[in-house]
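As structure tokens, the structure follows; a few thoughts come after it.
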Amino acid sequence: MNVRWNRLRFGPALAVAALALLAACGDGGGVTDPIDPPPADTSSGRFPRAVGYLSYYSSRPISEIDGEKLTHLIYAFGRVNTASATAGLMDPARDLAKFEELRALKQRHPHLKLLVAFGGWEIGTTPILAPVAASPTGRATFAASAIQVFLRGYGGLFDGIDIDWEYPRAAEKEHYTAFIAELRKQLNEESARTGRRYLLTSATPAASSTLTNGYDLPAVHPLLDWFNVMTYDFHTGDPSRTVNFNAPLFAPVGDPTPGFTGNYTVTVYTQRGVPREKVVLGVPFYGRTFVGVPNVNNGLYQKATGVQVGEWKQDGAISYRLLKLRGFLAGEGFTRHWQNEAKVPFLFNPTTGVWITYDDEQSVRAKGEFARQNGLGGVMVWELAQDAADNSLLNALVAGLRGTT
């Protein structure tokens, strides 16, 4: 259902703040007038939000996903053509087939809102969105193209845009702010034209230093509907680091990196002025595997010699789906341990020295409860295809978020 809304006009205080924002953007992102902020996100009819990313290269049938449990689904990714600063499809044949599946999912669950993400992790020195956002012309061209291709195209399938710039460097902080401002401006103009509300979100990091260097949170948060905060990959299997959790909620006593937790990250965002209802807690549906771990303290906080080859590009990654298919490796000599302070499990084989940090039904329910009890905007999942076929992780996460059994 399309939701009509009137463009909000600034009062004097907000107008001054908006003008200050534009001045902080350096060249102003090509914007000459104050930008209307988005109205409250009530379009899904449900709150708090349950947001799930779905990768374009996923082989999981979309019909298997329980759309009733989600409020928003983000398709990752649309292509960024850096030379022309335009948007397009990553794999036309695959994308178009998935769009039809998404259309059927949305028809079964009319409350569900769909967004398309741009960006992602690029191995190399230049984030994929940096060249596009470096100039007012590039920003304006890309915003217009993304709206033309994805919001006007495909029969109105998509309801918004998600920006996943990993990660703006210090010199690009103003470019990121101006890029978000340009997208918000053009989405507002498109909404005024169609009477349909369009969402703008951004996937953003958990590390405090990365946030400080690349993001002006007070300037950006009025322009976004919410932040999809990537509260995972705190410890990615780098053997030079101590074995630790992928996505702990809290820091146990003795944790050598107490700032690498979901709770700490939420505090960083809120202390920098982001409203709690705009902080969406990221939850991974995958884990990471270390090898060569000594049988001391069940492997926790020990030194690994390396990481195991993962399912995808990054070494050490293993999906919950595969862990469940393999019976959580109990038949292979692994024992499950629960770290009650961190609120996450881990698997350890003391004979082979293989140690796996992951999330299961107990831990994701705890994260859903944390988001609800702390008044956050909801939870976000990377990535839906990594759940088991019965959606057991999604079911547990949303039960915690909604306070249901």
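May I ask you to list pairs of residues, at least six apart or on different chains, whose Cβ atoms are under 7 Å apart, with the first in segment 206-218 being touching a residue at least 12 places away in the same chain (Cβ under 8 Å) and open to solvent by less than 70 Å² (accessible area, probe 1.4 Å) and the second being assigned to a helix (DSSP H, G or I) and of a type in the set (Val, Ile, Thr)?
Cβ pairs passing all conditions: 206/265; 208/268; 211/268; 216/177.
Only one of these conditions is not met by residue 168: (1) part of a helix (DSSP H, G or I); (2) buried (at least 24 other Cβ atoms within 10 Å of the Cβ). Which number is it?
Answer for residue 168: the failing condition is (1).
Would you mind finding the one in 177, 137 that is β-branched (Val, Ile, Thr) and under 30 Å from residue 207 (Cα atoms)? Reasoning before the result, please.
Details: 137 fails: under 30 Å from residue 207 (Cα atoms).
Sole residue among the options that is β-branched (Val, Ile, Thr) and under 30 Å from residue 207 (Cα atoms): 177.
Counting just the residues of segment 235-275 that are in contact with a helix residue (DSSP H, G or I) (Cβ under 9 Å, 6 or more places away or on another chain) and aromatic (Phe, Trp, Tyr), which one comes out least open to solvent (accessible area, probe 1.4 Å)?
269
Just for segment 348-405: of the residues that are in a strand (DSSP E or B) and polar (S, T, N, Q), which one is surrounded by the most Cβ atoms within 10 Å (Cβ to Cβ)? Don't jump to the end; show me each part of the working.
Of the residues in segment 348-405, the ones in a strand (DSSP E or B) are 348-349, 354-357, 378-382.
Subsequent filtering for residues that are polar (S, T, N, Q) retains 349, 357.
Numbers: 349: 18, 357: 29.
Here the answer is 357.
Select from segment 336-347 the residues that are in contact with a helix residue (DSSP H, G or I) (Cβ under 9 Å, 6 or more places away or on another chain) and either free of Cβ contacts under 8 Å to residues at least 12 places away in the same chain or surrounded by fewer than 17 Cβ atoms within 10 Å (Cβ to Cβ) (or both) and list them in ascending order.
Listed by number, the residues that qualify are 336, 337, 338.
Yes/no per residue for (1) at pLDDT 95 or above; (2) crowded, with 19+ Cβ neighbours inside 10 Å; (3) under 17 Å from residue 393 (Cα atoms); (4) in contact with a Gly (Cβ under 8 Å, 6 or more places away or on another chain):
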position: 50; (1), (2), (3), (4): yes, yes, yes, yes
position: 60; (1), (2), (3), (4): no, no, yes, no
position: 75; (1), (2), (3), (4): yes, yes, no, no
position: 81; (1), (2), (3), (4): yes, no, no, yes
position: 85; (1), (2), (3), (4): yes, yes, no, yes
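Please go through segment 276-330 and pick out each residue that is outside any strand (DSSP E or B), open to solvent by less than 40 Å² (accessible area, probe 1.4 Å) and among the hydroxyl-bearing types (Ser, Thr, Tyr).
Answer for segment 276-330, where residues must be outside any strand (DSSP E or B), open to solvent by less than 40 Å² (accessible area, probe 1.4 Å) and among the hydroxyl-bearing types (Ser, Thr, Tyr): just 320.
Looking at 36, 41, can you tell me which residue is at pLDDT below 70, surrounded by 15 or more Cβ atoms within 10 Å (Cβ to Cβ) and under 19 Å from the mean Cα position of the chain (by Cα)? Even if it seems obvious, please write down each step before you answer.
Details: 36 fails: under 19 Å from the mean Cα position of the chain (by Cα).
Step by step, each of 36, 41 is checked, and only 41 is at pLDDT below 70, surrounded by 15 or more Cβ atoms within 10 Å (Cβ to Cβ) and under 19 Å from the mean Cα position of the chain (by Cα).
The values are calculated or read from the model by the stated rules, or taken from the named source; none is laboratory data. Since we're looking at a predicted model, the values are computed, not measured. Backbone-built Cβ (ideal geometry, glycine too); neighbour counts: all protein chains shown. Accessible surface areas use protein heavy atoms only, side chains included; no ligands, DNA or RNA. Shrake-Rupley method; radii C 1.70, N 1.55, O 1.52, S 1.80 Å.
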